[in-house]
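Read through the structure below, which is laid out as structure tokens, and then see the notes.
We did not get these values from a lab; they are worked out from the coordinates using the rules stated. Since the structure is predicted, the reported quantities are computational estimates derived from the model, not experimental observations. Glycine also receives a Cβ, built like all others from the backbone with ideal geometry; neighbour counts cover every protein chain displayed.
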Amino acid sequence: MNISTAARHSGLSTKTIRYYEEVGLLPKAMRSKSGYRDYSERDVALQRFVRRARDLGFGVKECCKLIQLFLNPDRASRDVHELANLKIVEIDRKIEEFKAARAELEALTAACASDDGPDCAILENLSGTEED
């Protein structure tokens, strides 16, 4: 199947498929006699696998590891489990960072006069010129 059809079946864009092939995350597609990319069902299954892993927050390098494990029948499930646990820790850290950023933004918006005047606590804070 061509790249447009593969993209439709995998949920990735054609640009993303080309990028993932370029960086080595996905194997380069076979080429038809006319030079067009030709994808198999297995190729599309790997594309879906990567899309799902990316949806869960795994980076390109992590996806490479996951694909290697997926394709290795002698893999140890603990290796996959470890990658998933590391991702959970990273997500928890990001959640805490977002909570802190939200709290700071709430404090800044509460300090902003929100009137027709030019003084703005938010802009002053962002520029580092807020008064203590």
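Quick notes
- Of the peptides 104-113, 10-19, the ranking by mean beta-carbon count within 10 Å, highest at the top, reads 10-19, 104-113.
- Rounded to the nearest 20 debye, the dipole size of the chain about its Cα centre is 1820 debye, using +1 on the Cβ of Lys and Arg and -1 on the Cβ of Asp and Glu.
- Against the empirical curve 2.2 N^0.38 Å, the C-alpha radius of gyration of segment 1-58 lands at a ratio of 1.05.
- For peptides 42-53, 74-85, sequence by mean Cβ density within 10 Å, most packed first: 42-53, 74-85
- Dipole of the chain, positive end: most advanced residue of Ile122, Cys63, Ala110 [Cβ charges, Cα centre]: Cys63
- Charged-residue dipole, Cβ positions (Lys, Arg, Asp, Glu), segment 23-85 about Cα centre, Debye nearest 20: 260
- Cross-link table Lys28/Lys94; Lys28/Lys65; Lys15/Lys61; Lys28/Lys87, entries beyond 23 Å C-alpha to C-alpha: Lys28/Lys94; Lys28/Lys87
- What the Cα convex hull of segment 76-132 gives, in volume per residue, is 95 Å³.
- When each of the peptides 66-72, 88-94 is scored by how many other beta carbons lie within 10 Å of its residues on average, the order from highest to lowest is 66-72, 88-94.
- Our helix-only sum for the chain, with -39,500 (n - 2.57) per DSSP H run of n ≥ 4 divided by its residues, gives a mean residue ellipticity at 222 nm of -21000 deg cm²/dmol.
- Cα extents of the chain along the three principal axes, largest first (Å): 67, 41, 21
- Listed by chain and number, the aspartates and glutamates placed with their C-alpha closer than 15 angstrom to that of Lys99 are Glu90; residues fewer than eight positions away on the same chain are left out.
- Within a Gaussian network of the chain (alpha carbon springs, distance under 10 Å), most fluctuating of Pro27, Pro118, Pro73: Pro118
- Relative to the Cα centre, the charge distribution of segment 1-58, modelled as +1 at Lys and Arg Cβ and -1 at Asp and Glu Cβ, gives a dipole magnitude of about 80 debye.
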